[in-house]
Structures are given as structure tokens and as C-alpha cells.
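**Q** This is the structure I want to talk about, given as C-alpha cells.
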Amino acid sequence: AAHRWLPFGTKLKVVNEKIGRSVVVRVNDRGPFTRNRIIDLAKGPAQQLGLMSSGTAFLSLHRLDSG
């Protein structure tokens with residue numbers, strides 16, 4: 001996952017509250033550089049969260065550790 005300021009290696013539980021799915025990802029890149037976006041997910045986690053058709057969604061992030 002890409003996040004602007006969280007340290008590399010930080011693990012996050014990303015939850016799509018609308019459909020009740022979650023996935024654990026690790027921050028390994030910087031970004032997103034698009035306004036009003038907090039996290040950018042790889043294709044696999046995005047598919048697991050049901051984001052492939054919409055491309056964006058409101059998600060909740062839960063920090064699990066700091067790497």
C-alpha cells in the first residue's frame with residue numbers, strides 16, 4: 001500500500017465498512033498524490049475489498065504495528 005507519511009513496514013487493517021470486508025496491508029510506497037485520498041492499494045487488496053468497479057471508496061484504517 002502507498003501512504004503519504006506512515007513509516008514503511010507499517011501494517012494496516014483496511015476495512016470496507018459498506019460490505020464488511022477487510023484486508024491487512026503493509027505500507028511499502030509513498031502516495032497517493034491525488035487530492036483527498038489517504039491510501040492507495042495494490043490490485044489484490046483492492047479486489048478483496050470490492051473496489052475494482054468503483055475504483056475508490058470510503059474505508060477505515062486501523063494501524064496494527066509500526067514495522
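**Q** Just to make sure I understand: if all protein chains stay in place, what is the order of LEU49, LEU61 by accessible area at 1.4 Å, largest first?
**A** Working: LEU49 0, LEU61 65 Å².
Ranking LEU49, LEU61 by accessible area, largest first, yields LEU61, LEU49.
**Q** Per residue, how many Å² of accessible area does the chain show with a 1.4 Å probe?
**A** Details: 4670 Å² over 67 residues.
Per-residue accessible area for the chain comes out at 70 Å².
**Q** Determine the sum of side-chain charges near VAL15: Lys and Arg each +1, Asp and Glu each -1, restricted to other residues whose C-beta is under 15 angstrom from that of VAL15.
**A** Numbers: positive: LYS11, LYS13, LYS18, ARG21, ARG63; negative: GLU17.
So the environment of VAL15 carries a net charge of +4.
**Q** Full-extension gain between ASP40 and ARG21, please, as 0.36 nm times their residue separation minus the C-alpha to C-alpha distance.
**A** Answer, rounded to one decimal: 5.2 nm.
**Q** Next up: Using DSSP, restrict attention to beta bridges with both residues in the chain and report what percent are antiparallel, rounded to the nearest 5.
**A** Beta bridges within the chain, antiparallel portion: roughly 95 percent.
**Q** Note the direction-averaged projected area, equal to a quarter of the hull surface, for the Cα convex hull of the chain, in nm².
**A** Its average projected convex-hull area is 4.1 nm².
The values are calculated or read from the model by the stated rules, or taken from the named source; none is laboratory data. As the structure is a computational prediction, the values presented were derived from the model and not from experiment. All Cβ positions, even for glycine, are placed from backbone atoms using ideal geometry, and neighbour counts span all protein chains on display. For the accessible areas, the whole protein counts, side chains as well, though only heavy atoms, and no ligand, DNA or RNA atoms are used. Shrake-Rupley method; radii C 1.70, N 1.55, O 1.52, S 1.80 Å.
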